[in-house]
Structure formats: structure tokens, C-alpha cells
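Visitor: First, the structure itself, so that you have it in front of you.
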Ligand code: AMP
């Protein structure tokens, strides 16, 4: 059976993480989030984490060589052999070129690039109210999706915190970096015939249903 290799594109706060969790279950894919991998390195105090933290706190991209080493090792792991879902990678055209080269070397290819579209003001509203649990990164929103007890994760009881990079100044910087470096990838994947667009302002269940149907079609087309 052909593997299903997907990219989730979209600004920070577009709902990539939420959709990725669901699609991972629908299609048994390895969910690979470079942001989560970097935060784990920071939490463990590794050398890589220490080097990455100052870029992350400033809302800037971590240098490509750090990210590329991490990703090329990760997509060859056992659980990613049948397919993967990249969330937060690639973030610029050199990362996209490097991914294409790495996949080509092992006769693998992308099935599709899924773009979640959400306007900037909505992003700022979403991210500034976002809270994540310390233990597993479960995501809440102070207005849109509050936990049952303020400051406590419904799923595992751990404390909810605001990510350092979800403060308003950093959010604006991340949006700038997205517009300059990451948004051009939408064209890149459109030209490759891989792009599918989704309205990320809709209800997450609706977005999920739409993406799931689209991925099912992409998988069928891929097998023909
Ligand atoms: P995210 O959770 O995907 O929004 O990522 C949080 C932060 O990690 C970003 O603002 C970047 O500083 C860094 N980061 C995550 N993925 C990448 C990537 N592919 N390239 C460079 N930096 C990244």
C-alpha cells in the first residue's frame, strides 16, 4: 500500500495541532511537530534546546541546520514508514527543498499539502487566549474553549500555562515571519499540484470532516 505523507501549512494558531491529532488517528500517521520536538528539547535542557530557545522566545525561526537534522532522522523512524503528517515544517523554501531531496533519496513522496487559512486578527485572538497543559500540551482557550476548572487540564489534571511565544508582541512577530518566509510555500505546493486549501475559521469539527474527505480522495488518487 502506498504511504500517505502530508504537510499541514498555515499560520501559528490556525489549528494545525488540533487537526493533526485527529488526522493522525484517522489515517494512522506519525504526527511530527517540529515545535513540539523543540519544546521537548527545551524542557529537557539539551544543548539543542538551549540553542533553539532564544529564537523561539523571539518568534523567529530556529536555524535550518538544526531543524533539518531533527526531521530527516524522525521521518525515517519505524512509525513514520507508513506515512507521516508534518506540522510546522517546512517553514521556508530551503526547508521545503531539503524535504523534497530527502524524500526523493528514499523514493518517497508527498501525498498532499493542506493549507489552513485564517486571517491575522483571528490568529491574535486565538493565540493570546491559548493555554496549554504542562504535562502533555493539551490545548484550551480562556474564552473559546475553557477548561472545567480554571488553570487545570481536564484530561490529566496538570497546570495550564501560557506559552512564552503566545504573548501578543511575539505573536505579531511570528505572523510577520510566517508572511515573509512560510506563506510563499502555499504557491510552491500549488505549483507542484499538491495544495488543498481549507477555511480554518470554521468549526474544528467541520474543518476536520472536510480535510478527512480530501485526504481520503488524495489517497485514492495516489493509488490509481
Ligand atoms: P510552533 O509550535 O510550530 O508554532 O513552533 C514554535 C517555534 O518553534 C517557532 O516560532 C520557531 O521558533 C520554532 N520552529 C518550529 N518549527 C520550526 C521550523 N520548521 N523551522 C524553524 N523554526 C521552527
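The values are calculated or read from the model by the stated rules, or taken from the named source; none is laboratory data. The model shown is predicted, which means the values in this text are computed figures rather than measured ones. For neighbour counting, all protein chains shown are included, and Cβ atoms are generated from backbone atoms with ideal geometry for every residue, glycine included.
Visitor: Tell me which residues, restricted to the range 74-111, are away from the ligand (no atom under 14 Å from the Cβ) and free of Cβ contacts under 8 Å to residues at least 40 places away in the same chain.
Guide: Listed by number, the residues that qualify are 76, 78, 100, 101, 104, 105, 106, 107.
Visitor: While we're here: Quick one: which residue in 161, 211, 186 is surrounded by 12 or more Cβ atoms within 10 Å (Cβ to Cβ), within 16 Å of the ligand (Cβ to nearest atom) and over 19 Å from residue 142 (Cα atoms)?
Guide: 186
Visitor: Based on this model, can you work out whether residue 7 counts as more than 10 Å from the ligand (Cβ to nearest atom), at pLDDT 95 or above and either touching a helix residue (DSSP H, G or I) at 6+ places or on another chain (Cβ under 7 Å) or part of a strand (DSSP E or B) (or both)?
Guide: Spelling it out, residue 7 is indeed more than 10 Å from the ligand (Cβ to nearest atom), at pLDDT 95 or above and either touching a helix residue (DSSP H, G or I) at 6+ places or on another chain (Cβ under 7 Å) or part of a strand (DSSP E or B) (or both).
Visitor: Scan (1) within 12 Å of the ligand (Cβ to nearest atom); (2) in contact with a helix residue (DSSP H, G or I) (Cβ under 7 Å, 6 or more places away or on another chain); (3) farther than 22 Å from residue 190 by Cβ for the single condition residue 29 breaks and write down its number.
Guide: The one condition residue 29 does not meet is (1).
Visitor: Something else: Taking the residues in the range 32-48 that are under 27 Å from residue 5 (Cβ atoms) and more than 11 Å from the ligand (Cβ to nearest atom) as candidates, determine which candidate is surrounded by the most Cβ atoms within 10 Å (Cβ to Cβ).
Guide: Residue satisfying both the conditions and the ranking: 48.
Visitor: Still on this model: If you check 72, 128, 94, 106, which single one turns out to be in contact with a helix residue (DSSP H, G or I) (Cβ under 9 Å, 6 or more places away or on another chain) and loosely packed, with under 15 Cβ neighbours inside 10 Å?
Guide: 94
Visitor: Checking the condition within 8 Å of the ligand (Cβ to nearest atom) and at pLDDT 95 or above, which residue from 23, 61 passes?
Guide: The conditions single out 61.
Visitor: So, in the range 131-158, exactly how many residues are at positive phi and exposed (fewer than 15 other Cβ atoms within 10 Å of the Cβ)?
Guide: The number of residues fulfilling the criteria is 2.
Visitor: Checking residue 190 against (1) assigned to a helix (DSSP H, G or I); (2) without any contact (Cβ under 8 Å) to a residue 40 or more places away in the chain; (3) closer than 29 Å to residue 144 by Cβ, which test does it fail?
Guide: Of everything listed in (1) assigned to a helix (DSSP H, G or I); (2) without any contact (Cβ under 8 Å) to a residue 40 or more places away in the chain; (3) closer than 29 Å to residue 144 by Cβ, residue 190 misses just condition (3).
Visitor: In addition: Take the conditions on the phi < 0 side of the Ramachandran plot and part of a strand (DSSP E or B) and apply them to residue 216. Does it pass?
Guide: Here the answer is no, as residue 216 does not meet what is asked.
Visitor: I need the full set of residues from the range 49-58 which are within 23 Å of residue 99 (Cα to Cα) and near the ligand (Cβ under 9 Å from one of its atoms), in order please.
Guide: Matches in the range 49-58: 52, 55, 56.
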